[in-house]
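Asks: The structure's right below; bear with me while I get my questions together.
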2 protein chains.
Amino acid sequence: MSERILIIGGVAAGLSAASRARRIAPRARITVLERGPVASYGACGLPAFLAGEITPQERLIVHSREFFQEQRRIEVLTGHEALEILPGRRRVRVAVHQDGRTQERELDYDRLVIATGARSRRACAQPPLLGVHQGNTWTQAKALEAALASRRHRRAAVIGAGYIGLEMAEALRRRGLEVVLVERAAALLGRLDEDLAALLEPAVSAAGVVWKPGTNAEGWEGGSNGEVRALQTSAGAIPADLVVDCSGLEPETGLAATAGLRLGPTGAIAVDDRQQTSQFSIFAAGDCTETRHRVTGAPCWMPLAAAAVKQGRVAGQNAAGGEMARFPGVLGTLTVAVFGREIGRTGLSQIEARQAGFDVAVEQLDAAAQAGYSGKRRLTLRMLYQPSTRRLLGCQMIGDAGTVAHRLDAAAVAISAGMRLEEIEMLDLAYAPSLSALPEPLQMAAHNARRR
Amino acid sequence: MSERILIIGGVAAGLSAASRARRIAPRARITVLERGPVASYGACGLPAFLAGEITPQERLIVHSREFFQEQRRIEVLTGHEALEILPGRRRVRVAVHQDGRTQERELDYDRLVIATGARSRRACAQPPLLGVHQGNTWTQAKALEAALASRRHRRAAVIGAGYIGLEMAEALRRRGLEVVLVERAAALLGRLDEDLAALLEPAVSAAGVVWKPGTNAEGWEGGSNGEVRALQTSAGAIPADLVVDCSGLEPETGLAATAGLRLGPTGAIAVDDRQQTSQFSIFAAGDCTETRHRVTGAPCWMPLAAAAVKQGRVAGQNAAGGEMARFPGVLGTLTVAVFGREIGRTGLSQIEARQAGFDVAVEQLDAAAQAGYSGKRRLTLRMLYQPSTRRLLGCQMIGDAGTVAHRLDAAAVAISAGMRLEEIEMLDLAYAPSLSALPEPLQMAAHNARRR
């Protein structure tokens, strides 16, 4: 009988694992278990759905179950919740939720890929009231959209000013709500250096979002109708008839831990560069796993789609017995378009560099993104480098629309290649007056840094 | 007495040489000789000026003569035409054109930087008639603009479909003229592979430009009023009351050759990686010089602004006796935004790779530039790689506005770093649904190529 590859989780990593496994092992039986109602959707598009820009929600579905079945002979089972992995018996116990009923079944595997993703953290232990939502998954976003559609909300409190919280705040403003954004830390976008992230604040305020840094969300207060009427915070109560908790994510490791798989120092599932767990027959990929930072070599946890898809491919290839594939780790490259600005980072932040023991220096500049006679688009670029080696360690940017994302890519390639400032300065980059600057901001920063 | 650094040529390379020299040698006397009426202007912006998008022409001036004098203590002398370099006496004979008169003077130097740039090639030996123009320099563009402003032209013939010819054709369309574009070769943009360049043709035609490949411009025909009335070509006469000859450029080497400086196999001034010529005291930079291709290591001539500015800095630093600076060569990275499309290249084209003796394979794909649910922008990417080493050799792209220029940069960095396909596939690039694709087209091409 043909080998069975079982995959737990049907979003980014799980489906890329399944697709790669299919190409490597044409005869394998490949089954994907997704506990939610929908597999293969672009979770990064949920904020745009909630903003009303993408509708209906089904437009976020990349491929249908039928596509996987017919085009790739991959069985995708939605509503299938893995309850327990039994490594000794190579079997997974599954709850099948269908038509309001739940049945249990067991599925065998020869190779297992865990792609359970991340779960939403909660700002506080208090159970949610009516009007308290999250927006990280298909189901959460569906419930939030239903709430927005069903009654008139006026005042929203968004908890957490990471990139998801910012996107959520923008989406709710577009839906016409007043929005207060509360964040425990002193700055927006904790993964960026404060000096750079602060440059986003004017755009947040200009959009009418009330920004409250250094504020802990402590609970919610309901009215007599059982609906939320305020968010309680360390800075007092904030009136709100909608609360969206964007406190962030944590790796979904319950199944793996119960099965005795090793977790890493970050709390996520430990895997080697083949995406293999501490059990020979079990691989893991995506937001549930730990990975390595390409600059420090140290374990890190970075729940980002681009890495998840690549890890899924590596896991799928190795699980299917293909030529050994390896995942080299991440730079934590991320970008977000929000409030008319683009902002992002790649490589180490200043704090991360210090914590990793690097000597680190900063070069920040505000620069034209194109020839002065051709347009007014600008960006601020913050470059982190190691003075002792003159290697680029990280780069962060904020700028006008269209100025950041692919400039970050060029920096990401340079960091991956271990380039020095003098090499960056001499890169032959594309120049056209309306599209780029001469010299490009990254090269100008490298030049300025070298002059010190 | 303080050392004198003399620079011939006051556009990109010459002024960056002067500015760098000033920083290195605070006491040197630095003089820039520019034969034209204006120094320090963005020549790449001339097509936008002619299109009527940038006006007056003076907006293209980056820094005034007074700026150089007062901020940088650099003497910029316009209307100063270098007639002869006398290396034995470290002296340059100069014609000073002022108020309609010409006087001669001689200037001494300790170090000389030649930055004479490129001159416009002509399609044919016949002297120009009234109505026959070029558009590569300040003076040429000024004359063309004056012609466009002074009388009503109806039909233009543009000779040459390189990127300057394309920009010119677009500019003239914007000014309301009918435009015929004739090109000797079979394809647009000869520096790109034909298969990729052909994808620009629909946009050229949609803009109302009549495109005539494989057509030699052979002369012009005047009317009884002495004005041009047709362009004569190998495909017959093309009625035209305006002809713009964009036959391209060639290095301006007359002064250098007369002074006995060595020219390289491309016909441009030979320099080493310090931008030093065959004369110890004479440096050269920019479009008049030959450089090395970073992939092949072979001499090449690539008149592009981004390289000229860097070469100027290297020449200026070394001429001023600073810490040795070296120019590592070029990838020939170029991009142009034209007819609503962006198109460009970096590294070797297929023909260049074959001529250089590389085994070369092509991977071309049409890909989304962003998540399908987020927008419809697309691009076509053509990747050239060496099968024996799996190294990236070159990359060409054409796509919707905003999709190409900085993606080319990421490819240029990867080529400079000698990256292999498998490394490119695993780069951690920025993903956000509205800004980029997952995987990015370059990574998808690398993946597809590896599967072969």
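The values are calculated or read from the model by the stated rules, or taken from the named source; none is laboratory data. Just so it is clear, the structure is predicted and the values come from calculations on it, not from any experiment. Glycine also receives a Cβ, built like all others from the backbone with ideal geometry; neighbour counts cover every protein chain displayed. With ligands, DNA and RNA removed, areas are computed over all heavy atoms of the protein, side chains included. Shrake-Rupley method; radii C 1.70, N 1.55, O 1.52, S 1.80 Å.
Asks: Keeping the other protein chains in place, figure out the carbon and sulfur percent of the accessible area of the protein assembly as shown, with a 1.4 Å probe.
Replies: Ligands and nucleic acids excluded, carbon and sulfur reach 47 percent.
Asks: Please compute how much accessible surface disappears when B pairs with A, both sides summed, using a 1.4 Å probe, and round it to the nearest 100 Å².
Replies: Rounded to the nearest hundred, the buried surface is 4900 Å².
Asks: Sticking with this one: Looking at chain A, send over the antiparallel percent of its DSSP beta bridges, to the nearest 5.
Replies: Taking every DSSP beta bridge within chain A, about 65 percent pair in antiparallel fashion.
Asks: Please report the projected area of segment B:156-216's Cα convex hull averaged over all directions, in nm².
Replies: Taking the Cα atoms of segment B:156-216, their convex hull projects to 3.5 nm² on average.
Asks: Now a separate question. Whenever you get a sec, line up A:Glu75, A:Glu167 from highest to lowest accessible area (probe 1.4 Å, protein heavy atoms).
Replies: A:Glu75, A:Glu167
Asks: Amide H neighbours of A:Glu218 under 5 Å, at least 5 residues apart or on other chains, H built in the peptide plane: list them.
Replies: Counting only residues 5 or more places away or on other chains, the set is A:Gln232, A:Thr233, A:Ser234.
Asks: Go ahead and run the numbers for FRET between A:Arg27 and B:Arg354, Cβ-Cβ distance against an R0 of 41 Å, rounding to 0.05. All intermediate terms of the calculation are to be shown ahead of the outcome.
Replies: Values: r = 41 Å, r/R0 = 1.00.
Here the calculated transfer efficiency is 0.50.
Asks: How much space per residue, in cubic angstrom, does the convex hull of the C-alpha atoms of segment B:66-204 take up?
Replies: Normalising the Cα hull of segment B:66-204 by residue number yields 214 Å³.
Asks: Related question: Order A:Thr137, B:Thr233, B:Thr139, most accessible first, counting only protein heavy atoms with a 1.4 angstrom probe.
Replies: B:Thr139, A:Thr137, B:Thr233
Asks: Can you give the mean number of other chain Cβ atoms that lie within 10 Å of the Cβ atoms in peptide A:400-406?
Replies: Mean shielding count: 6.
Asks: Another question about this same structure. Find how much the distance from A:Leu365 to A:Glu422 grows on full extension, using 0.36 nm per residue of separation minus their present alpha carbon separation; answer in nm with one decimal.
Replies: Values: separation 57, 0.36 × 57 = 20.52 nm, distance 1.75 nm.
Gain on stretching A:Leu365 to A:Glu422: 18.8 nm.
Asks: With 20 Å bins from zero, work out the P(r) of the protein assembly as shown over every alpha carbon pair and list the percent per bin.
Replies: Histogram of Cα-Cα distances, whole percents per bin: 14, 41, 31, 13, 2, 0.
Asks: Treating only the Cα positions of segment A:397-451 as identical point scatterers, give the base-10 log of I(q)/I(0) from the Debye formula at each q in 0.18, 0.29, 0.32 Å⁻¹.
Replies: Rounded to two decimals, the profile gives -0.60, -1.35, -1.42.
Asks: Would you check the accessible area of A:Arg391, probe 1.4 Å, heavy atoms only, in square angstrom rounded to 10?
Replies: Surface open to solvent at A:Arg391 totals about 80 Å².
Asks: So how far apart, in nm, are the two label points at A:Arg4 and A:Glu58 if each is 7 Å from Cα heading toward Cβ?
Replies: Using points 7 Å along Cα→Cβ, the separation is 3.1 nm.
Asks: Taking K and R as +1 and D and E as -1, what net charge do the other residues with C-beta under 15 Å from the C-beta of B:Lys376 add up to?
Replies: Around B:Lys376, the surrounding residues sum to +1.
Asks: Could you give me the ³J(HN,Hα) list for segment A:264-274, computed from phi with Karplus coefficients 6.51, -1.76, 1.60 and θ = phi - 60°, whole Hz, x at Gly and Pro?
Replies: x, x, 7, x, 8, 5, 6, 9, 8, 6, 8
Asks: Now for a separate question. Rounded if a/c is under 1.5, else prolate if a/b is larger than b/c, else oblate: which is segment A:247-289, with a ≥ b ≥ c the root eigenvalues of its Cα gyration tensor?
Replies: Details: a/c = 2.03, a/b = 1.50, b/c = 1.35.
Prolate, since a/c reaches 1.5 and a/b exceeds b/c.
Asks: Return the average number of partner chain Cβ atoms within 10 angstrom of each residue Cβ along peptide A:414-427.
Replies: Across the residues of A:414-427, the mean count of other-chain Cβ atoms within 10 Å is 5.
Asks: Here is a further query. Take peptides A:293-299, B:355-361, A:116-122 and line them up by average Cβ neighbours within 10 Å, highest first, as a rough protection proxy.
Replies: A:116-122, A:293-299, B:355-361
Asks: Using a 10 Å cut-off around each Cβ of peptide A:277-289, what is the average number of partner chain Cβ atoms that fall inside?
Replies: Other-chain Cβ atoms within 10 Å of each residue's Cβ, averaged: 0.
Asks: Right, next: Among A:Leu199, A:Gln276, A:His447, whose Cα sits farthest toward the positive end of the charge dipole of chain A (+1 at Cβ of Lys/Arg, -1 at Cβ of Asp/Glu, about the Cα centre)?
Replies: The one lying farthest along the dipole's positive direction is A:Gln276.
Asks: Could you sort A:423-429, A:309-315 so that the peptide with the highest average Cβ count within 10 Å comes first and the rest follow in order?
Replies: Values: A:423-429: 25.0, A:309-315: 28.7.
Packing order, densest peptide first, comes out as A:309-315, A:423-429.
Asks: Apply the Karplus parameterisation 6.51 cos²θ - 1.76 cosθ + 1.60, with θ equal to phi minus 60°, to every residue of segment A:163-176 and state each ³J(HN,Hα) to the nearest whole Hz, in sequence, with x for glycine and proline.
Replies: In residue order, the calculated couplings are 5, 6, x, 5, 4, 5, 4, 5, 4, 5, 4, 5, 7, x Hz.
Asks: Can you give the accessible area per residue of chain B, in Å², using a 1.4 Å probe? Don't skip to the end; give the middle numbers.
Replies: Values: 17590 Å² over 452 residues.
The answer is 39 Å² per residue.
Asks: Continuing with this model, one more query. State the Kirkwood hydrodynamic radius of chain A in Å, one decimal place, computed from all pairs of distinct Cα atoms.
Replies: The answer is 23.4 Å.
Asks: Okay, moving on. Can you pull the semi-axes for segment A:331-398, root of five times each eigenvalue of the Cα gyration tensor, sorted largest first, whole Å?
Replies: That gives 26, 15, 8 Å for the three semi-axes.
Asks: Using only helices, what value at 222 nm comes out for the protein assembly as shown when you add -39,500 (n - 2.57) per DSSP H run of length 4 or more and divide by the total residues, to the nearest 500 deg cm²/dmol?
Replies: Mean residue ellipticity, 222 nm, calculated: -7000 deg cm²/dmol.
Asks: Measuring from label point to label point, each 7 Å out along Cα→Cβ, what is the B:Glu221 to B:Leu86 span in nm?
Replies: For the pair B:Glu221/B:Leu86, the computed spacing is 5.2 nm.
Asks: On a straight-distance basis, which lysines could pair with B:Lys142 in a cross-link, Cα separation under 25 angstrom, same-chain partners fewer than 8 positions away excluded?
Replies: List returned: A:Lys376.
Asks: Packing-wise, with mean Cβ within 10 Å as the measure, how do B:8-15, A:53-60 rank, highest first?
Replies: Details: B:8-15: 29.2, A:53-60: 15.6.
Ranking, from highest mean packing down: B:8-15, A:53-60.
Asks: Another one. Out of the DSSP beta bridges found with both residues in the protein assembly as shown, what percent are antiparallel (nearest 5)?
Replies: Bridges in the protein assembly as shown that DSSP calls antiparallel: roughly 65 percent.
Asks: Considering segment B:202-307, what Rg and Dmax in Å follow from its alpha-carbon atoms?
Replies: 19.9, 55
Asks: Post the alpha-carbon centroid distance, segment A:50-104 to segment B:372-442, in whole angstrom.
Replies: About 32 Å separates the Cα centre of segment A:50-104 from the one of segment B:372-442.
Asks: Give the relative contact order (percent, whole number) for chain B; include only Cα pairs under 8 Å separated by 6+ residues. Mind showing how you got there, number by number?
Replies: On the way: 1081 pairs, mean separation 63.5, N = 452.
Rounded, it is 14 percent for chain B.
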